[in-house]
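> The structure under discussion is supplied below as structure tokens; questions concerning it will follow.
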Ligand SMILES: C[S@@+](CC[C@H](N)C(=O)[O-])C[C@H]1O[C@@H](n2cnc3c(N)ncnc32)[C@H](O)[C@@H]1O
């Protein structure tokens, strides 16, 4: 996929967690003018929202192309191309540090959360907005189970930790943060439309590509679409959040 397509994907993904961000920002009493570090900023899908809240945003990402794309973003923020395991910031530099679908990708998530804690001011917050647990996914009926199994194989091959979600609580509770809160993003579904399916399918097709032959992917797509439009299918990937005070 091209980077603009990844950006579309990340932007769509960010809408799923919008209510959760509103909830957590309320709980931690985030105020305009505060500084926020977006760790694993990606293509900058959340930059508009964060700056729209009046936060002064700094982004950090390991991937140079993502940083360059983020930098083109109209939202005013400073982007660093760096590794979240070794952040180029002083201790206590930010009021808030946040990640969104990132810890599952990193080599040592506990180390990254410890770094987030280090660069956050005393009294500030470290937040992981969304960390999925692909190993406990619910896929129904069979065609979606088949797709889910292949997608998990592909994600594992891409290097993600399929059980990240269930590990988040332990990391946050043992890193020395205060008043740690942990939860699960609830699901909400409208009546399924073809547009939603097409969006989902783009990423599924990306993940399945190279794992099974194209004609099998196309046959699965046909069966999956039929089931989707009949309102039969359920696809749910439990996604955890956590936040705690420094
Ligand atoms: C799934 S994307 C999420 C992007 C963004 N947070 C969002 O929700 O749109 C994961 C991002 O984490 C970045 N990443 C992975 N490992 C990293 C590391 N060690 N340090 C910094 N960024 C990293 C990737 O380059 C990628 O941009």
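> Could you say whether any residue in the stretch 25-44 is surrounded by 15 or more Cβ atoms within 10 Å (Cβ to Cβ), in a helix (DSSP H, G or I) and within 11 Å of the ligand (Cβ to nearest atom)?
no
> Could you tell me which of the residues 131, 49 is under 30 Å from residue 227 (Cα atoms), within 13 Å of the ligand (Cβ to nearest atom) and modelled with pLDDT of 95 or more?
131
> Can you tell which of 83, 95 is closer than 23 Å to residue 49 by Cα and out of contact with any helix residue (DSSP H, G or I) (no Cβ under 8 Å at 6 or more places or on another chain)?
Only one candidate qualifies: 95.
> Right, something else. Looking at the structure I just gave you, is residue 108 modelled with pLDDT of 95 or more, surrounded by 18 or more Cβ atoms within 10 Å (Cβ to Cβ) and within 16 Å of the ligand (Cβ to nearest atom)?
Answer is no for this residue.
> Go through (1) farther than 19 Å from residue 153 by Cα; (2) part of a helix (DSSP H, G or I); (3) in contact with a helix residue (DSSP H, G or I) (Cβ under 8 Å, 6 or more places away or on another chain) and name the single condition residue 182 misses.
(2)
> Now, a different point. Assuming residue 95 fulfils every condition listed in (1) in contact (Cβ under 8 Å) with a residue 60 or more places away in the chain; (2) near the ligand (Cβ under 9 Å from one of its atoms) apart from one, which condition is it?
It is condition (2) that residue 95 fails.
Listed here are the residues, each with its yes/no results for (1) modelled with pLDDT of 95 or more; (2) more than 16 Å from the chain's Cα centre (by Cα).
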site: 164; (1), (2): yes, no
site: 178; (1), (2): yes, yes
site: 186; (1), (2): no, no
site: 214; (1), (2): no, yes
site: 238; (1), (2): yes, no
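> Please enumerate the residues belonging to the stretch 60-79 that are closer than 28 Å to residue 29 by Cα and either near the ligand (Cβ under 9 Å from one of its atoms) or not in a strand (DSSP E or B) (or both).
Hits for the stretch 60-79 are 60, 61, 70, 71, 73, 74, 75, 76.
> Which of (1) surrounded by 14 or more Cβ atoms within 10 Å (Cβ to Cβ); (2) within 30 Å of residue 124 (Cα to Cα) is the odd one out, the single condition residue 223 does not satisfy?
Exception for residue 223: condition (2).
> What are the residues in the stretch 190-238 that are out of contact with any strand residue (DSSP E or B) (no Cβ under 7 Å at 6 or more places or on another chain) and part of a loop (DSSP other than H, G, I, E, B), if any?
190, 191, 192, 193, 210, 211, 213, 230, 231, 232 - these are the residues of the stretch 190-238 that are out of contact with any strand residue (DSSP E or B) (no Cβ under 7 Å at 6 or more places or on another chain) and part of a loop (DSSP other than H, G, I, E, B).
> Search the stretch 118-154 for residues being assigned to a loop (DSSP other than H, G, I, E, B) and in contact with a helix residue (DSSP H, G or I) (Cβ under 9 Å, 6 or more places away or on another chain), and hand back the single one that is surrounded by the most Cβ atoms within 10 Å (Cβ to Cβ).
133
> Return the pairs, sorted by first residue and then second, in which the second residue is assigned to a helix (DSSP H, G or I) and crowded, with 23+ Cβ neighbours inside 10 Å, the first residue lies in the stretch 44-56 and is free of Cβ contacts under 8 Å to residues at least 60 places away in the same chain, the beta carbons are less than 6 Å apart, and the residues are 6+ apart or on different chains.
Note: pairs meeting the criteria are 44/70.
> Identify, by number, the condition in (1) touching a strand residue (DSSP E or B) at 6+ places or on another chain (Cβ under 9 Å); (2) surrounded by fewer than 16 Cβ atoms within 10 Å (Cβ to Cβ); (3) not in a loop (DSSP other than H, G, I, E, B) that residue 187 doesn't meet.
Single failed check for residue 187: (3).
> If you don't mind, another one. Taking the residues in the stretch 83-99 that are under 18 Å from the mean Cα position of the chain (by Cα) and surrounded by fewer than 17 Cβ atoms within 10 Å (Cβ to Cβ) as candidates, determine which candidate is farthest from residue 42 (Cα to Cα).
It comes out as 85.
The values are calculated or read from the model by the stated rules, or taken from the named source; none is laboratory data. Just so it is clear, the structure is predicted and the values come from calculations on it, not from any experiment. Every residue, glycine among them, receives a Cβ derived from its backbone with ideal geometry; neighbour counts consider all protein chains shown.
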